[in-house]
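Undergrad: Below is a structure I'd like to ask you about.
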Amino acid sequence: MPLPVVAVIGRPNVGKSTLVNRFAGSKDAIIHDQPGMTRDRTYQPAFWQDREFMVVDTGGLVFEDDTEFLPHIREQALSALKEASAAVMVVDGQSGPTEGDQEIATWLRQQGVPVVLAVNKCESVDQGLIQAAQFWELGLGEPYPVSGIHGSGTGELLDELIEHLPVYVPEDEIEEIRIAIVGRPNVGKSSLLNAFVGENRAIVSPVSGTTRDAIDMQVVRGDQIYRLIDTAGIRKKKSVDYGPEFFGINRAFKAIRRADVVLLVIDAVDGVTEQDQKLAGRIEEDGRACVVVVNKWDAIDKDSYTIYDFDRQIDGRLNFVSWAKRIYVSALTGQRVPKILNLVDAAVEQHRRRVTTSVVNEVLEDAVSWHTPPTTRQGRQGRIYYGTQVSARPPSFTLFVNDPRLLKEGYRRYIERQFRENLGFEGTPIRMFWRGKSMRDLERGSANRATKV
């Protein structure tokens, strides 16, 4: 049984995202003093007393206006209500009831969903009761004065809300796979999310910066649950001003860190850019598994050499994630999109994989027999005593040697290649730590230096 859903509805800039963060005990929803910050619907888990639920933040509703993203925002709000067990309508206690509030209240009464009315921005308890009383005229029952910033009044509001929620009965827990979809603006990340879930879960527009929040969505295939995280397009740092885009990009970087695997989306029309290279470096640095998704493949004029030319371009320019699998898709037509999850499964399996110490040392013994460590002019030769895997996610190995300084970068890369050739680990970075045999070596800067592959 899935968690019951609570949709948070209201006009722009009444503090919906602040209240959502208060319910969820997080700061995941972007808050900025600018109307229209939230566009897509975003989900966060929350609980109150003995009830667990998903709270859904929606964009500010404006009727009688079809400019820019407003029709899409209304569509997203309606989708949230269709799956909701209850709704919270948020109004601004400082500005009092408006014509926009009345329109939303009338619309909500037509949806057949229980509604709890939250009068936000009531920072003063005494004044809050007076401010809230004005909203009886909306005809939605008792208005609850609350402060999303300070948290006052939210307990009484939640007490009323959970009366409308079914009791959640958890199923046998299956560890979900978290997938972050990242890339530059307008490469088709939101279109890819929509293609996965089979609905317009995220607003798609040719306008750069349409997606701001990191949007979570669950997809179930067989017994496996996937959590897809659409993120804001990441531009060059110098091109980003402080504000909505800045916050959205920070959310995107956090999404990479909390993901098991990252889909790095490349625009087939533009090819691999410098910003794609930087994102690949970020994924590798954070130790995430990765699948390179080349989108808009349907827009390319192809011959029998096209895919090989693009493969060579990726090999040459995305060396940070040379270990990642790649796939050529069209989010617009759905071409090969379902196959992405097969690559995700394989990458996550390798990312979580552990290898026994005996197997690690068999690979090391074979590698050293084919190519012994070099000898210095002073006659000193590096020696590898043994190795062991110390962790997974990503797979990390410690190799115990006589002196890490005797094993130069070229030989380390050779050992790393042997690990990949013999042990696999496609789709995931691996970490290798070279540890000297004495504490004195460990205290030196080179003694515990990690190489990333």
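Undergrad: All but one of (1) among the aliphatic types (A, V, I, L, M); (2) farther than 24 Å from Pro394 by Cα; (3) not in a loop (DSSP other than H, G, I, E, B) hold for Val272; state the number of the condition that does not hold.
TA: (3)
Undergrad: While we're here: Inspect all residues belonging to the range 402-409 and state whether any of them is surrounded by fewer than 15 Cβ atoms within 10 Å (Cβ to Cβ) and of a type in the set (Lys, Arg).
TA: Residues of the range 402-409 that are surrounded by fewer than 15 Cβ atoms within 10 Å (Cβ to Cβ), as a first pass: 408-409.
Then drop every residue that is not of a type in the set (Lys, Arg), which leaves 408.
Yes.
Undergrad: From (1) farther than 27 Å from Val291 by Cβ; (2) modelled with pLDDT of 90 or more; (3) not in a strand (DSSP E or B), pick out the condition that doesn't hold for Val360.
TA: (1)
Undergrad: Next question, about the same structure. Among the residues of the range 295-304, are any closer than 14 Å to Leu263 by Cα and not in a helix (DSSP H, G or I)? Don't jump to the end; show me each part of the working.
TA: As a first pass, look at the range 295-304 and keep what is closer than 14 Å to Leu263 by Cα: 295.
Then keep just the ones that are not in a helix (DSSP H, G or I); that gives 295.
Checked the range 295-304: at least one residue is closer than 14 Å to Leu263 by Cα and not in a helix (DSSP H, G or I).
Undergrad: Within the range 318-372, track down each residue that is polar (S, T, N, Q) and without any contact (Cβ under 8 Å) to a residue 60 or more places away in the chain.
TA: To start, the set of residues in the range 318-372 that are polar (S, T, N, Q) comprises 319, 322, 330, 333, 335, 342, 350, 356-358, 361, 369, 372.
Hits for the range 318-372 are Asn319, Ser322, Ser330, Thr333, Gln335, Asn342, Thr356, Thr357, Ser358, Asn361, Ser369, Thr372.
Undergrad: Further question on the same structure: For the range 105-138, what are the residues that are part of a loop (DSSP other than H, G, I, E, B), over 25 Å from Glu75 (Cβ atoms), in contact with a helix residue (DSSP H, G or I) (Cβ under 9 Å, 6 or more places away or on another chain) and touching a residue at least 12 places away in the same chain (Cβ under 8 Å)? Before the answer, list the steps.
TA: Of the range 105-138, the ones part of a loop (DSSP other than H, G, I, E, B) are 110-114, 121-124.
Of the ones still in play, those that are also over 25 Å from Glu75 (Cβ atoms) are 121-124.
After this cut, where a residue has to be in contact with a helix residue (DSSP H, G or I) (Cβ under 9 Å, 6 or more places away or on another chain) as well, the list is 121-122, 124.
Those that are part of a loop (DSSP other than H, G, I, E, B), over 25 Å from Glu75 (Cβ atoms), in contact with a helix residue (DSSP H, G or I) (Cβ under 9 Å, 6 or more places away or on another chain) and touching a residue at least 12 places away in the same chain (Cβ under 8 Å): Lys121, Cys122.
Undergrad: Consider Phe310 carefully, then state whether it is crowded, with 19+ Cβ neighbours inside 10 Å, touching a strand residue (DSSP E or B) at 6+ places or on another chain (Cβ under 8 Å), among the aromatic types (Phe, Trp, Tyr) and within 26 Å of Leu279 (Cα to Cα).
TA: Working: crowded, with 19+ Cβ neighbours inside 10 Å: yes; touching a strand residue (DSSP E or B) at 6+ places or on another chain (Cβ under 8 Å): yes; among the aromatic types (Phe, Trp, Tyr): yes; within 26 Å of Leu279 (Cα to Cα): yes.
Yes, satisfied.
Undergrad: Now a separate question. When you go through Glu365, Glu284 one by one, which is the residue that is part of a helix (DSSP H, G or I) and surrounded by fewer than 16 Cβ atoms within 10 Å (Cβ to Cβ)? Can you show your working first?
TA: Working: Glu284 fails: surrounded by fewer than 16 Cβ atoms within 10 Å (Cβ to Cβ).
Among Glu365, Glu284, only Glu365 is part of a helix (DSSP H, G or I) and surrounded by fewer than 16 Cβ atoms within 10 Å (Cβ to Cβ).
Undergrad: Out of all the residues in the range 38-84, which are modelled with pLDDT under 65, surrounded by fewer than 23 Cβ atoms within 10 Å (Cβ to Cβ) and either closer than 21 Å to Thr154 by Cα or of a type outside the set (Val, Ile, Thr) (or both)? Give the derivation first.
TA: Residues of the range 38-84 that are modelled with pLDDT under 65, as a first pass: 38-41, 65-71.
The next check asks that each one be surrounded by fewer than 23 Cβ atoms within 10 Å (Cβ to Cβ); those that pass are 65-71.
Asp65, Asp66, Glu68, Phe69, Leu70, Pro71 - these are the residues of the range 38-84 that are modelled with pLDDT under 65, surrounded by fewer than 23 Cβ atoms within 10 Å (Cβ to Cβ) and either closer than 21 Å to Thr154 by Cα or of a type outside the set (Val, Ile, Thr) (or both).
The values are calculated or read from the model by the stated rules, or taken from the named source; none is laboratory data. Bear in mind that the values here come from a model prediction, so they are computed numbers and not experimental data. Cβ sites come from the backbone with ideal geometry, for glycine too, and all protein chains shown count toward neighbours.
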